[in-house]
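The values are calculated or read from the model by the stated rules, or taken from the named source; none is laboratory data. Note that this is a predicted model, so its numbers are computed, not measured. Every residue, glycine among them, receives a Cβ derived from its backbone with ideal geometry; neighbour counts consider all protein chains shown. Just so you know, the surface numbers come from the protein's heavy atoms only, side chains and all, with ligands and any DNA or RNA stripped out. Shrake-Rupley method; radii C 1.70, N 1.55, O 1.52, S 1.80 Å.
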Amino acid sequence: MSKRTVITFGTFDVLHVGHIRVLDRARALGDRLVVGVSADQLNISKKGRAPVFSQDERLEIVGSLRVVDEVFVEESLELKRDYVIHYGAAVLAMGNDWEGKFDYLSDICEVVYFPRTPSVSTTALIEHIAATAG
Ligand code: CTP
C-alpha cells in the first residue's frame, strides 16, 4: 500500500519549538512528511527581510529532523496546488495563522490547521536577540 503523504510549508528560519511541534503534528497525520521551505527571495518579498539562515541552510536543518522525509524549496506561494500534486500529498497541514487560507485545496487533499504554539516566533526571537545583544 502506498504511503500517506503529508505536506507542509514555511520559512523555518531560526528553528524553534513552535516549528518542531507543527512538524511533529503534521507527521503524525500520515507516514511521510514533505516540507516546502520557502525560498530566500520569497521571504524578502513576503516579510521584507532576508532570513537569518539561507535557504540551503534551512533545507539542511529541516531535512535533518527525524520526522521529515523530504524537503524542497518553495519558490512561489502560488504553486501550492502543483506541489501537493507533485508530491502526492493526501494532507496539507499548517499552523492556524493560516486558518482558512488553503481551504481552496480541499478538492485535492485534506486541509488541516494546528493551533500555533503560543509565545514564540522567529520574528520575536530576532527582536529579543537584537534587544539584548551587546
Ligand atoms: N508555527 C507554529 N507555532 C509558532 C510559530 C510557527 O505552529 N509559534 C508554525 C506556522 O504556523 C507554520 C510553521 O510553523 O505552519 C512555519 O512558520 P514560520 O513562518 O516559518 O515561523 P514563524 O516563527 O511564525 O516566523 P515569523 O516570525 O518570521 O513569521
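Residues of the stretch 63-91 that are assigned to a helix (DSSP H, G or I) and either of a type in the set (K, R) or out of contact with any helix residue (DSSP H, G or I) (no Cβ under 8 Å at 6 or more places or on another chain) (or both): G63, E78, L79, K80, R81, D82, Y83, I85, H86. Looking only at the stretch 57-74, decide whether some residue is open to solvent by 80 Å² or more (accessible area, probe 1.4 Å) and within 16 Å of the ligand (Cβ to nearest atom). There is at least one residue in the stretch 57-74 that is open to solvent by 80 Å² or more (accessible area, probe 1.4 Å) and within 16 Å of the ligand (Cβ to nearest atom).
Those residues that are over 13 Å from the mean Cα position of the chain (by Cα), part of a helix (DSSP H, G or I) and modelled with pLDDT of 95 or more, I need them from the stretch 46-62; list them, please.
Once the filter is applied, which keeps residues that are over 13 Å from the mean Cα position of the chain (by Cα), part of a helix (DSSP H, G or I) and modelled with pLDDT of 95 or more, the stretch 46-62 yields D56, E57, E60.
Scan the stretch 1-23 residue by residue and report those that are within 22 Å of L105 (Cα to Cα), within 14 Å of the ligand (Cβ to nearest atom) and either open to solvent by 60 Å² or more (accessible area, probe 1.4 Å) or touching a helix residue (DSSP H, G or I) at 6+ places or on another chain (Cβ under 9 Å) (or both). Of everything in the stretch 1-23, those that are within 22 Å of L105 (Cα to Cα), within 14 Å of the ligand (Cβ to nearest atom) and either open to solvent by 60 Å² or more (accessible area, probe 1.4 Å) or touching a helix residue (DSSP H, G or I) at 6+ places or on another chain (Cβ under 9 Å) (or both) turn out to be V6, I7, T8, F9, G10, T11, L23. Check whether at least one residue in the stretch 36-53 is without any contact (Cβ under 8 Å) to a residue 24 or more places away in the chain and in contact with a strand residue (DSSP E or B) (Cβ under 8 Å, 6 or more places away or on another chain), and report yes or no. Within the stretch 36-53 (the criterion being without any contact (Cβ under 8 Å) to a residue 24 or more places away in the chain and in contact with a strand residue (DSSP E or B) (Cβ under 8 Å, 6 or more places away or on another chain)), the answer is no, since none of the residues qualifies.
In the condition set (1) more than 14 Å from the ligand (Cβ to nearest atom); (2) free of Cβ contacts under 8 Å to residues at least 40 places away in the same chain; (3) assigned to a loop (DSSP other than H, G, I, E, B), G30 is compliant with all but (2).
Of note, A93 satisfies the criterion of being of a type in the set (A, V, I, L, M) and within 13 Å of the chain's Cα centre (by Cα). Taking each residue of the stretch 65-91 that is closer than 19 Å to C109 by Cα and looking for partners that are open to solvent by 80 Å² or more (accessible area, probe 1.4 Å) and outside any loop (DSSP other than H, G, I, E, B) with beta-carbon atoms closer than 6 Å, six or more apart or interchain, yields V91/E110. Note on the stretch 92-126: among residues that are more than 12 Å from the ligand (Cβ to nearest atom), outside any loop (DSSP other than H, G, I, E, B) and acidic (D, E), the one that is surrounded by the most Cβ atoms within 10 Å (Cβ to Cβ) is E110. Would you pick out the residues in the stretch 1-27 that are of a type in the set (A, V, I, L, M, F, W, C) and assigned to a loop (DSSP other than H, G, I, E, B)? Answer for the stretch 1-27, where residues must be of a type in the set (A, V, I, L, M, F, W, C) and assigned to a loop (DSSP other than H, G, I, E, B): M1, F12, V14, L15.
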